[in-house]
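See below for the structure under consideration.
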Amino acid sequence: MLPDLRYAIRTLLRTPAFTAIALLTIALGIGANTAVFSVVNGVLLRPLPFRDEAHIVRVWRPTADEPHGNHSAGDFLDIQRDNHTLAAIAGIRNDVFAVSAYRAQPVQLPGAWVTIDFFDVLGTPAANGRTFTRTQDGVGAGRFVVLSDSAARQVFGDDPGVAGRAIHLNAQPYTIVGVMPSGFQWPQGAQLWILSAKPVPPSPIEVKDVDPLSLRDVNYFEAIARIKPGVTLAEAQSDLHVVAANIRRAHAQSSGNRDIQLVPLREDIVGNVRDALLVLQGAVGVVLLIACVNVSSLLIARATGRRRELAIRSALGAGRLRLINQLLAESLVLGVTGGLLGLIAGSWLTTLLVTILPEGVPRAEAIALDRTVAMVTVVASLTTGALFGLLPAWQASRANAVTSIKDAGDRGTGRARGRTALVVLEVALTLVLLVAAGLLTNSFLRLQRVNPGFEPSHVTLATLNLPQTRYTTAARQTALYRRVLEGLSARTELQSVGVGFPGPLRGSNASATFFVEGRPVPSSRADKPFAHLGSVSGGYFSAMGIPLVSGRTFGSSDRENGPPVAIVSTALARKYWPGETAVGKHLRFEDNPKEPWFTVVGVVGDVRQLGLSQEPPPLLYLPYEQFALPFTNVFVRSTLPTSAVASLLRGQLASIDPDLPLVDVMTLQSVLDRSVDDPRFRTILIGLFALLALVLAAVGVYGLISYSVTQRTREIGIRVALGAQPRQVLAPVVREGIVLAASGIAIGLVGAFAITRVLATFLFGVGTTDPMTFGGVSALLVLVALLATYIPSRRALRVDPLSALRAE
């Protein structure tokens, strides 16, 4: 092969224009594939930083309304005690902490309260110091914390002797027992892990006169477990089904029909993004295939012009296999060189992709152009070279030596059936990508036109987390919120101010079942009315721009000792009081005569709390003073710049508690924009791939038509000499372009109808067989094909009959 490779390099250098176009086409295809595969490899393929990850599972308590249901303390302890297949199970509750050392200014870091078995479940040892163990720490043995590598560096710098030191979390002293390896951040984003003083994580809600460990109605934390060695997931799942059935029998009113579901940790982490990333990888793979087809088509055209050369070599004794080897050598040189250029472009594109990835993509820190990606790129380059070079080499090596040598002028008169088939395939693949891009674009535009249920303009919000070690009671928490609201409401430049949790389009982690006055008591929890809960102030609705449909909002009388009141969303009122006026109705959360009835005082508009693509859930709003939480969001409606509002918010909070940080200051419009980051990212990326494919297809059609015109120069010259009119000359050329496009469109439509079904989960308001999208894309391809035939058509009209005949 070495002489063939040297000759291939010299040959390619003699045709710089052809070589540059071919290398650019290959580099674009390889580079895009390298970048997307870097993301797929980092997120989906690289092993998790845990020991025997296949044995680690998430433990959920699903219901019809909550597929990822959380745990209550009582049920969790029953699961921990009664299972026979789990080596360990740990509870987890995410939180945010003010972290400081050496009396420095505290920084706000996300973390998690965990139970004693947390690190035993994950099996990852500390890089410095140790993790929690039952033998050394026990339950309630002390205040211990494990830091992430980034948190240790942020607080202590590069000091390696962190283990054993004291640190303050929410102004309370803790002892650092260890630092985790770099890259260990689970749950996603966690920077520190605090050992719970009880066998369950602490509750964010104050519970009076009840043992917190016996609670079964408050589901507030998540769980993770490790399956025993030798036990399969199916066996563990069967065991936990039995445990769930026992809990349901013993506590029917609280547990209802809740089951226990085990989900492999990897599936739980990446399951939500796997399909989207695989779709992107498939789309960019199609682009690479189109690039191969294009280069193959160019090589066929180039080989046609070299038929005399190949025929002479054949006449001098070169066998067919020898000719194929020579031509494949050129293809491999192009493939490898284009692959190296693509690897360089892929490195840059990978950095760009990581920058524009939507928030919340798991394992984004693991995305890199590593050895695995480089090896796959090299293999792809070699495969690409063989793929686009095999057909041209096979076709060119079939040249008849006698016929080709007799054919003077190196024009050749052979047919280009192989190249025509490639261009038809190219058009078909392009149509599939364009249809996918069209469907996603249509879906995204419809999603953006959805009314979220609130008015986002001129609203600034910020998150407020209260350390429960200092704000230990609901009264202290609500007192701080009240002072914040009173101070901000006195500012005339602020139109309206409110507090509320959870924030819009951030999901809802508070929910409850309830009883409706005058209705039969449901026999099980599954039959109880259900609603997502909100803890809000009266000004929340005006600050958010949520319309009041009937009744009133919360006022100064709706405090802790006042009559219990509630506001319901239109969806909830319609569901549980159809055809009636919800205002004045009563509900309560326990079937207990001692429990108070909440009076519905107002009905407000629906809010798409869980996402723009999901229908508004039933929402039940309670006054923040009657449903106190140690965390909330402050909402301010004002025409002032966001920076000015943020300054006012921080100043007001500092005047009340200087040690309390205000985090995540942003506009409500940015929250709305972030909620569609995922569909926007998919749409833009696949749209770019489709545009690149369209350009390549146009080049392919242009090249084939141009080649066809060149091959028919003599015929056109004779027809013009015999008096053919321009339309008679143009008709065959245009017809060929239309036939090419129509053939590719026909094949592509069949493929698109089959393949675009995988997009169903990503579409909103549009079907996978949307006729407008399919029709529009088909018309676009026909138009592009006609444009691609325009220049060759004009060349056909300019053929001089005398010159064409004189060349003979």
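Determine whether segment 150-159 contains at least one residue that is under 16 Å from residue 191 (Cα atoms), without any contact (Cβ under 8 Å) to a residue 24 or more places away in the chain, open to solvent by 20 Å² or more (accessible area, probe 1.4 Å) and within 30 Å of the chain's Cα centre (by Cα).
Yes, because at least one residue in segment 150-159 is under 16 Å from residue 191 (Cα atoms), without any contact (Cβ under 8 Å) to a residue 24 or more places away in the chain, open to solvent by 20 Å² or more (accessible area, probe 1.4 Å) and within 30 Å of the chain's Cα centre (by Cα).
Counting only residues that are more than 30 Å from residue 275 (Cβ to Cβ) and either open to solvent by 50 Å² or more (accessible area, probe 1.4 Å) or touching a Cys at 6+ places or on another chain (Cβ under 9 Å) (or both), how many does segment 737-758 have?
Count: 3.
Per-residue answers, yes or no, for (1) modelled with pLDDT of 90 or more; (2) in contact with a Ser or Thr (Cβ under 9 Å, 6 or more places away or on another chain); (3) assigned to a helix (DSSP H, G or I):
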residue: 10; (1), (2), (3): no, no, yes
residue: 26; (1), (2), (3): no, yes, yes
residue: 35; (1), (2), (3): yes, yes, yes
residue: 38; (1), (2), (3): yes, yes, yes
residue: 67; (1), (2), (3): no, no, no
residue: 75; (1), (2), (3): yes, yes, yes
residue: 99; (1), (2), (3): no, no, no
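Testing residue 219 on (1) surrounded by fewer than 23 Cβ atoms within 10 Å (Cβ to Cβ); (2) within 30 Å of residue 510 (Cα to Cα), one condition comes back false. Which one is that?
So the condition that residue 219 fails would be (1).
For segment 482-521, name all the residues that are β-branched (Val, Ile, Thr), at pLDDT 85 or above and more than 39 Å from the chain's Cα centre (by Cα). Lay out the reasoning, then the answer.
Residues of segment 482-521 β-branched (Val, Ile, Thr): 484, 492, 497, 499, 513, 516, 521.
From what's left, at pLDDT 85 or above: 484, 492, 497, 499, 516.
492, 516 - these are the residues of segment 482-521 that are β-branched (Val, Ile, Thr), at pLDDT 85 or above and more than 39 Å from the chain's Cα centre (by Cα).
Within the set of pairs 6 or more residues apart or between chains, which connect a residue that is modelled with pLDDT under 90 inside segment 186-205 to a residue that is acidic (Asp, Glu) with Cβ atoms less than 9 Å apart?
From residues that are modelled with pLDDT under 90, the pairs are 187/222; 202/95; 204/95.
Between a residue in segment 573-587 that is within 18 Å of residue 617 (Cα to Cα) and any residue that is of a type in the set (Gly, Ala, Ser) and in a loop (DSSP other than H, G, I, E, B), which pairs come within a Cβ distance under 8 Å, given they are 6 or more apart or on different chains?
From segment 573-587, the pairs are 573/582; 576/582.
Looking at 35, 27, 112, 22, can you tell me which residue is of a type in the set (A, V, I, L, M, F, W, C) and more than 30 Å from residue 693 (Cβ to Cβ)?
Working: 35 fails: more than 30 Å from residue 693 (Cβ to Cβ); 27 fails: more than 30 Å from residue 693 (Cβ to Cβ); 22 fails: more than 30 Å from residue 693 (Cβ to Cβ).
Going through 35, 27, 112, 22 in turn, the sole match is 112.
Quick check on my filter: what residues within segment 596-638 are open to solvent by 10 Å² or more (accessible area, probe 1.4 Å), part of a strand (DSSP E or B) and touching a Lys or Arg at 6+ places or on another chain (Cβ under 8 Å)?
598, 599, 601
Only residues that are farther than 19 Å from residue 275 by Cβ, surrounded by 15 or more Cβ atoms within 10 Å (Cβ to Cβ) and among the charged types (D, E, K, R): list them for segment 34-55, please.
53 - this is the single residue of segment 34-55 that is farther than 19 Å from residue 275 by Cβ, surrounded by 15 or more Cβ atoms within 10 Å (Cβ to Cβ) and among the charged types (D, E, K, R).
Looking at (1) among the hydroxyl-bearing types (Ser, Thr, Tyr); (2) modelled with pLDDT under 90; (3) open to solvent by 40 Å² or more (accessible area, probe 1.4 Å); (4) under 30 Å from residue 32 (Cβ atoms), can you tell me which one residue 347 breaks?
(2)
Could you list all residues from segment 470-510 that are of a type in the set (Ser, Thr, Tyr) and in contact with an Asp or Glu (Cβ under 7 Å, 6 or more places away or on another chain)?
Residues of segment 470-510 of a type in the set (Ser, Thr, Tyr): 471-473, 478, 481, 489, 492, 496, 508.
The answer is 473, 478.
Which one of these is open to solvent by less than 30 Å² (accessible area, probe 1.4 Å) and either outside any helix (DSSP H, G or I) or farther than 30 Å from residue 755 by Cβ (or both): 224, 300? Walk me through how you get there before you give the answer.
Numbers: 300 fails: either outside any helix (DSSP H, G or I) or farther than 30 Å from residue 755 by Cβ (or both).
None of the others qualify; the one that does is 224.
Could you tell me which of the residues 14, 58, 81 is of a type in the set (Lys, Arg), closer than 25 Å to residue 267 by Cα and open to solvent by 10 Å² or more (accessible area, probe 1.4 Å)? Steps first, answer last, please.
Values: 14 fails: closer than 25 Å to residue 267 by Cα; 81 fails: closer than 25 Å to residue 267 by Cα.
Among 14, 58, 81, only 58 is of a type in the set (Lys, Arg), closer than 25 Å to residue 267 by Cα and open to solvent by 10 Å² or more (accessible area, probe 1.4 Å).
The values are calculated or read from the model by the stated rules, or taken from the named source; none is laboratory data. A quick note: this is a predicted structure, and the numbers were derived from the prediction, not measured. Cβ sites come from the backbone with ideal geometry, for glycine too, and all protein chains shown count toward neighbours. Note: accessible area is taken over every heavy atom of the protein model, side chains too, but ligands, DNA and RNA are not part of it. Shrake-Rupley method; radii C 1.70, N 1.55, O 1.52, S 1.80 Å.
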